[in-house]
1. Pairs of alpha-carbon atoms within less than 8 angstrom and 6+ residues apart define the contacts here; what relative contact order does chain B have, in percent?
2. List the extent of the Cα atoms of region B:318-428 along each of their three principal axes, largest first, rounded to whole Å.
3. Would you mind checking the tilt of helix B:44-63 against the longest principal axis of the Cα atoms of chain B, expressed as 0 to 90 degrees and rounded to 10?
4. Per DSSP helix of 4 or more residues, -39500 (n - 2.57); summed, then divided by the residues of the protein assembly as shown. What does that give at 222 nm, rounded to the nearest 500?
5. Can you tell me which of C:282-291, C:212-221 comes out highest on packing, and rank the rest after it, using the mean Cβ neighbours within 10 Å?
6. For B:17, C:264, B:286, B:410, what's the fewest-to-most ordering of other Cβ within 10 Å of each Cβ?
7. Can you give the average number of partner chain beta-carbon atoms within 10 Å of each beta-carbon in peptide B:497-507, as a whole number?
8. So for region A:336-452, Kirkwood radius off the Cα pairs, Stokes-Einstein at 4 °C and 1.567 mPa s: how many µm² s⁻¹?
């Protein structure tokens, strides 16, 4: 049952948060932080167990022949750890950010439930369980997207749901069909469909359905339309949506799909992995180019996310061990990098009411620590060594070469260049002289500042320790190795 | 697989070998001198801003010489090149910012290409050490792709046509101290990449030919562009691009023929040492001239003659040594292209000489800025560099200067080294006589030439595209309006008559289906 | 004399006794009587279900006479499931109603009568679920119909009377048609007992016509499109607890009989065209009901049209059931799970809608903006019921959809899967239109003064149960396996 705790603890935190209501702010903050810390400890203990080779699992019987089960394998735990740990960091930020906001019980309650659902996606032992948590994630995110209740937010929320539920429908059909075709298919490193012979057309269609389902959250172009609109949500939500839980659930689903459901061999034999790779490559370029043209800071970051998520999808679709590991590592790395940026964007909007790139001049002088953190994340995102983004991009690039797809390598490097193209102008603009009346060096609320510094430091640490056991990159290599029939690191 | 994983700080490896020593010397000297020069010439308040960019750049710029594996090489390469953007834009002028943007774009693209190449090579080699990478390339199926990527990346770094604008852009707007570092060291990292990464003696002949022709084209083309610009440092930038074209010729010489590899490498090292020091001295000298007046100014102009003559390859200068090393490398090759290149090489010196004359004319026209009271320290630093320009190539303990040392007293060699300068002088005289014809061309180009034009085009194209509008707002209450016809249909459906009729029809349908 | 042995009879008698006592007791005591009855009924229902699970289907002979002379009650898993559902929703509705009628003007509603009618309807429903012959079905369905009509019109308002008349007309039309069918069937087969009928049934025109008329009548009572004309107004005009009971339970009663007729009484391959027609009409109901729900401007009408749509799902089981034992098991379990989930969620949704109407004093959707801040629990209940309507996990709606899609794909009739998926998306559209209005940021000055809503946790309890129903699916699956239908098809639990 321990293995359910990463799901149950945040869920319980959410229930208590709702029960506490809007008034008791201190109690709410305490409950949430304790929940996050305890959850993190549980996840870490599961990670230690899993590294030692002990994979816990548990299933609750539901539908005939279908168990509702989770297992704590390294692959899932990586995502789970990212979500849980960053939940804690985001909480601190959110407590500062939402200081004077309304409906805070609703906000923090759904926030916790989102994490519960994300952990469920991470640890799900079979496609059905994953689908269930995937849908719960869609639903629990919706109230966060529309939190402000403005008509803009409602419209964005409707768009989000339209996409999410459409994707969910595709996923449902795909999973059901697959189960009808192959019986129960628990995730197995290297593929779970060994028993199915023939049925290639059906398998291709099912793969398409599943990939489309995951592709919605993974913002795979052309299914990315909801993401830029969902930016109307409060900054901690954008961080959660775009960096941690939601979009990562999509790419994580892709990783499970290719590596542990179809298996790299079958995926490339069917030709579906190649198709996915081409789509993802297009997404990378498209997202990057569109990001160049965005004037709104958050929109620019959103399109950057579109591109970066396609990185992960492309790495997965290349069906090469190093690229797959790079994709998984990028899942964690992109999380810390992008969350830094969204935190920064949130701080700028909340403290200085700066939302456009053109309004940035003077910001670096006013909030030097915040903007330095942003710069670290921006350079990490562009793949400048020795920051986190470089480690995963290196693995992805090497994997692309290894997987016999040098063209993908070119896509990666081109997008790295484009990333500089859309990130650096932000830095340049912020360095220009501008007038912000308060004294230079006045940062935002410390509860918003320190999380930013923490996550920015993580982008450095993850890069520097990329070769050491326990770092995301090493972890990813260990976790992905069984899918390619061996130990890598 | 382990070695393919970048393991962060612990696994970066550095080495001191026959390639790293000259480059360590060159980069160390140039970055130190330019750093000191910047320190003494920058007002106290502006130092922090300059050095925030200067120091990381310098650290990367010096350690790149020692990098022995792909990651540390790339790391240092990036660390040097990216902060340089801050140096270029330090002036805060709009032109400087535009130059910075173009510089950054090209640099980033170049780095991306380099990273791609490194990743490809690392996979082939199964490791990260640079020597392993190059060895593994020889027989690899992706050799051509990797080499192409490398060459493209290097070309962007050293300003090969059509990207030659990157060098004048990076020289023209930075303060003199950092500019001298960029002039002396930046493009030389490209030369180092040629030595460290390009496959040696294993490529097909036509690769060598194409690369050499590209080098030759740049040597002439960049010189032509440079003569048309109006700021001294931009002239120096084009001169660098032109000279680096010659280095590219040397690199091309070593691509195909294994026998020519040692000579090719020697030529690259010789050229790097010679050109790095001389160009750095020219940039500093230009600044010194601007800071002095009267006799001191004449003295400074005279001092400038040394690196200028060196670039032209006049006898007894470092350029003389470098040209010999280059000629040796090209001479060793057979085939029509190398022969053509060999015979055209002296004419490149004509272009360089023209550039130097142009540079002198522009420098002498410099309006004098208020003499700096502390100009002795800059002058001393400059003097030091000048000494190194004069001595280094001759005294370097290597084999590539032997041929030049033997030829010092050969009158034919001396004549070969001198006539391009004389031709250039003659041409200058002709041009000055027929000033009217050329007046319109004078200053026809801003620093950065086609790159600036290209950037303008991109911006214009961008402005012409329709901008994205924020998504249309749909309010939650649009349902009823949109659904009015549907409501109407339903109202008719639920009237008594319709409903009863429908029910009877349903029952009849069921009965018919049942009794069929 | 073992109580457990007489459970089927007790299930019918207990609410009947409660109804009589409530009628006599007067309006102060009546709510307490109803509450006690409802609680007792829940206990009995659970015991009954446990017994069916333990022993499998059995027949209970009232007075020990037995068919064909006496009345036989058929106790199987399907009946047990619907009885348990009725008891749970019934209990919640009873609790809600006791608060609802206390907070309104005591003279406006004939609310002393409410309790009697409500418990009487409960009796009829239990009888309907337990009865084993088609004539008793007629009797029960008439009783259910009459008490339901009375409940709809209990407020006495002009809207309610108009809706009640329409409902009465539909109810009578259905009952007459049904009776005609029974007569024809009896003429052909000479029996009214379902078990006997299924043995004696021959494919002659008389029997087939009779059965077709019966099915048509039940379709009218279940309000399957296009015979749904009476439902929206009736469900929307009734007092809130009545709406909840009608939508959650009453339509399930006639649906239950369709299940019995189509799957138990008729042998395989009987009336094949009818099964397809019902499936097609189900699909049409899903689309048309959802589209109508999408354009409604009043909250109760929206919810009522949602019922029209959700009923459609229930009828998809018939075409699927013809594809062999395994598909039948999947599809029937799916339909039963759906009926349960919809009963819980729709009951909760109507109660929540009623709470909103009480809170705002009107039922105009457009003027309910910002309700989330005033009544967060009700809003949450609405959202949770949406989860089930859309068929999202881990709700019962999801489990049902999963089972039905599995059935469709296993049988190869994939187009039903398309209908199911599209239906889920349409449900998402209308439910989120509702939720979006509730959580929209309302300008402060138009926010109406708060009115106390005491019973707001009840809808939340029902909808939360619907959302977590996935975890009870093994139980429902066992009950389905203990139904006469699957037992006779040879499916072992």
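1. Details: 803 pairs, mean separation 74.9, N = 516.
The normalised contact order for chain B reaches 15 percent.
2. If we take the Cα atoms of region B:318-428, the spans are 57, 37, 25 Å.
3. 90 degrees
4. -24000 deg cm²/dmol
5. Values: C:282-291: 23.2, C:212-221: 28.0.
Listed from highest to lowest mean packing, they are C:212-221, C:282-291.
6. In order of increasing Cβ crowding within 10 Å: B:17, B:410, C:264, B:286.
7. 6
8. Numbers: Rh = 15.2 Å.
After rounding, the answer is 85 µm²/s.
Values quoted throughout were computed directly from the atomic coordinates according to the rules given, and no laboratory measurement underlies them. As the structure is a computational prediction, the values presented were derived from the model and not from experiment. Heads up, the Cβs are rebuilt from the backbone with ideal geometry, glycines too, and the neighbour counts pull from every protein chain shown.
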